[in-house]
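Shown below is the structure under consideration.
None of the figures in this text is laboratory data; all of them are computed from the coordinates on show. None of the values given here were measured: they were computed from a predicted structure. All Cβ positions, glycine included, derive from the backbone under ideal geometry; neighbour counts span all protein chains shown.
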Amino acid sequence: MNTLSLSLVLFIHVLSAIALFIAIAFEGAILLRLRSARNIEPLRESARASRRLGAIYGPAFLGLLVGGMYLGFAMHIRASWAPAALVGTLLMGIVSGVVPGRQMSRLRKALAQSEPSLANLRGAARSNALVVSYGFRAGLAVGILFLMSTMPSALVPSIAVLAVASILGIFFALAFARVSGSSSAWKSAEPEATTRG
């Protein structure tokens, strides 16, 4: 096996993992802005920004999947963590395309109307489906990183790591969404109280 080609694929694989976490961080910032929006303009900006995430997510998933399969075959990795990590990565890509993709598409269509309702838009932007999907994928990404670092040989512990990581990701995402929602509501109420005073 050519050492140079192996090193190049490994570099692309690691770079793809870094790009994935950058995209996850950007998506988290977009979701936070969506949930705290108090008028239509921040919703428009966030919807436009979310469309650009595909330019990061797409190459990142491709690099992780193709690079991971190549490295697995080239380095003769027989441990169960490798296929578990690849399946987890594929699952992340599918969920990323289905849940937030559809939700944001609906939001963009609603924003394209001549007189969009702010109440309806905020309801769509604050959908729990977006938060659960985000937490699941972020947790799964951390779990996959853990598998790549520890390389367990058995299948059951590998699956358990991914399951626990994704559940914790959902839990923390929902908890953060509740805290940020309460903060946003308090800020919205503050100007009204000041005006009445």
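How about the stretch 46-60: which of its residues are assigned to a helix (DSSP H, G or I) and free of Cβ contacts under 8 Å to residues at least 40 places away in the same chain?
Matches in the stretch 46-60: ARG48, ALA49, ARG52, GLY54, ALA55, ILE56, TYR57, GLY58.
Find the residue count for the stretch 31-45, including only residues that are surrounded by fewer than 22 Cβ atoms within 10 Å (Cβ to Cβ) and in a helix (DSSP H, G or I). Outline the logic, then answer.
Filtering the stretch 31-45 down to residues surrounded by fewer than 22 Cβ atoms within 10 Å (Cβ to Cβ) leaves 32-33, 35-42, 44-45.
Within this subset, residues satisfying the condition of being in a helix (DSSP H, G or I) are 32-33, 35-36, 40-42, 44-45.
The total comes to 9.
All but one of (1) within 17 Å of LEU53 (Cα to Cα); (2) free of Cβ contacts under 8 Å to residues at least 60 places away in the same chain; (3) of a type in the set (Lys, Arg) hold for LYS109; state the number of the condition that does not hold.
Condition (1) is where LYS109 drops out.
Also, quick follow-up: Could you grab me the full set of residues in the stretch 61-81 that are in contact (Cβ under 8 Å) with a residue 24 or more places away in the chain and more than 17 Å from LEU8 (Cβ to Cβ)?
Those that are in contact (Cβ under 8 Å) with a residue 24 or more places away in the chain and more than 17 Å from LEU8 (Cβ to Cβ): PHE61, ALA79, SER80, TRP81.
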